[in-house]
Amino acid sequence: MNSTHILLSGLKIKIEHKYDFMTSFCKKYIADFDTADIYASAEENAVLKEKEAVPAAPIEVCESLCIYRDIAEQLPEYNRFVFHGAAIEYGGNAYLFTAPSGTGKTTHINLWRQYLGDRVKIINGDKPIINVADSPMVYGTPWAGKEGLHRNANAPLKAICILKQGKTNSIKMLNTNDAINHLMRQVYLPQNAMALSKTLQLLGDMLQKAQVYLLECDVSKQAFEASFNEMTN
């Protein structure tokens, strides 16, 4: 068994793993420490079950997914949770774009990159960590979806955009109840009852401090302008 030490969302995490892939996968987050906040690993049965679910995935990737799940189970103890969405940084703030897989998160953040150039920086393209301890902060992780877009960086969360495909471009701010109904599906919900309860509390706390929008859009400059103008004021 191998071990890799990483710093993730300010937490020291020691990973026990079978495959060498894990060390190279996490190379941007490698850290040196003696005592960890979180100890993470993947049980062999869980890895094999992951492989059965996604036969095309290499076994070492299946192990990495199980390890991230183990990390996610422990994050609520430290006021953090894993969020399914694409996170970018613009003007010193983080903006999250979320939707069911295949709906166009990456496509939309690429519109921001196309029209704003180097002023937009990727934080994570699929599964960032949100720290809600004081004001919400968005952190990059190496678990970043099939495109692998991520940086070892963080920024304060300003707004969340829920994407919905449409023939026209319109955006509206959601109230807390409507936002929760959408975002519950995009937050990792732990199996442990106490961690689950804490995650729901953290989600509520986040929504008290970050604006949430629903954007119906196509793939156009007008779609970018609708989200950009509203979310950045």
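The values are calculated or read from the model by the stated rules, or taken from the named source; none is laboratory data. This is a predicted model, so every value here is computed, not measured. Reconstructed Cβ throughout: ideal geometry from the backbone, glycine too, with neighbour counts over all protein chains shown. Ligands, DNA and RNA are excluded from the accessible area calculation, which covers all protein heavy atoms including side chains. Shrake-Rupley method; radii C 1.70, N 1.55, O 1.52, S 1.80 Å.
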Identify all residues within segment 90-105 that are open to solvent by 10 Å² or more (accessible area, probe 1.4 Å), within 21 Å of residue 151 (Cβ to Cβ) and either at pLDDT below 95 or under 13 Å from the mean Cα position of the chain (by Cα) (or both); write none if there are none.
105
Those residues of segment 162-195 which are within 18 Å of residue 106 (Cα to Cα), touching a helix residue (DSSP H, G or I) at 6+ places or on another chain (Cβ under 7 Å) and part of a loop (DSSP other than H, G, I, E, B) amount to 169
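Residues checked against (1) among the basic types (Lys, Arg); (2) in contact (Cβ under 8 Å) with a residue 12 or more places away in the chain:
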position: 121; (1), (2): yes, yes
position: 130; (1), (2): no, yes
position: 138; (1), (2): no, yes
position: 143; (1), (2): no, yes
position: 156; (1), (2): no, yes
position: 201; (1), (2): no, no
For the list (1) within 26 Å of residue 193 (Cα to Cα); (2) buried (at least 19 other Cβ atoms within 10 Å of the Cβ); (3) hydrophobic (A, V, I, L, M, F, W, C), I need the number of the one condition that residue 48 fails.
(2)
Of the residues in segment 197-226, those that are assigned to a helix (DSSP H, G or I) and either among the acidic types (Asp, Glu) or open to solvent by 60 Å² or more (accessible area, probe 1.4 Å) (or both) number 7
Every residue in segment 69-96 that is under 26 Å from residue 196 (Cα atoms), part of a strand (DSSP E or B) and out of contact with any Gly (no Cβ under 6 Å at 6 or more places or on another chain), please.
80, 81, 82, 83, 87, 94, 95
